[in-house]
Amino acid sequence: MSHPLFETGFYGRLRQQAGSHWHAYVAHDFVQQLGQGTLPPAAFRHYLTQDYLFLLHFARAWGLLISKLSEPAALRSATASLNAIVSELPLHLAYCQQWGISEASMASEPEAMETINYTRYVLDVGHTGDALELMTALMPCVAGYAEIGLTLLDDPATRFEGNPYAPWIENYGDESYLAGVGSSLLLFEALAQQRAGEQRFNPLTEIFTTATRLEAAFWQMGLNSAAPLQVSP
């Protein structure tokens, strides 16, 4: 489904360049099963636990982004995003508790390789690159989840009644969440203009597409965790 918010500007061009990788992310089987209410609960619980661990590193990445900014408006915008992530952690914990997952159990859970690969990639981009490169690595998560949420909300095939994943879907189509995404997109567009994004389009495309692939792998991690164990003959 088309959402103009995600199809314009520098972000829209990077998203378009990601091509089939973007589709594999936003239309992944994990996402489709969320919308239909058929996702195995074990897959969702594993995803929730790893997403909690992911958020901790994601907050670190936004803190790193703030350290690379100096213009007051950019600092305010990035700080607001970091505060939103930190504020989201208690909400995430409360939601996990509804699924029988405690903070202690999540904190003691080893990071999946997919979690390590994704978060360390983003942090590595941040440590070796500038603010535009780091934000390019962050945006598939920031705006991609909003696109997924809105797509599921608008899809007549999405089941809400009796769907245990309906609250998750509604959260990512929430007005306050979308407002935060809109602010991040504005900051990203400003950075692209200020930091010669057009002249750096190809390497930035590589960063964006790599982060997109890692997002799809994160969904697949959830599905794999609930797959039947293969017993060797």
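The values are calculated or read from the model by the stated rules, or taken from the named source; none is laboratory data. As the structure is a prediction and not an experimental result, all values here were calculated from the model. Surface accessibility is based on the protein's heavy atoms, side chains included, excluding ligands, DNA and RNA. Shrake-Rupley method; radii C 1.70, N 1.55, O 1.52, S 1.80 Å.
Side notes on the structure shown:
- Within the accessible area of segment 153-233 (1.4 Å probe), percent carbon and sulfur: 54
- Radius, Kirkwood style, for segment 114-233 when every pair of distinct Cα atoms is counted (Å): 16.4
- Gyration tensor over the Cα atoms of the chain: the corresponding equivalent ellipsoid has semi-axes (square roots of 5 times the eigenvalues, largest first) of 29, 19, 18 Å.
- More than 14 Å apart - percent of Cα-Cα pairs taken over segment 43-83: 53
- Calculated on alpha-carbon atoms, Rg and Dmax of segment 7-48 in Å: 13.7, 39
- Carbon and sulfur %, accessible surface of segment 1-118 computed with the full protein complex present, 1.4 Å: 57
- Computed as a quarter of the hull surface, the mean projected area of the alpha carbon convex hull for segment 151-201 stands at 5.0 nm².
- Segment Ala94-Thr79, length gained on full extension (0.36 nm per residue, minus Cα span): 3.0 nm
- For the chain, the solvent-accessible area of protein heavy atoms averages 47 Å² per residue (probe radius 1.4 Å; ligands and nucleic acids excluded).
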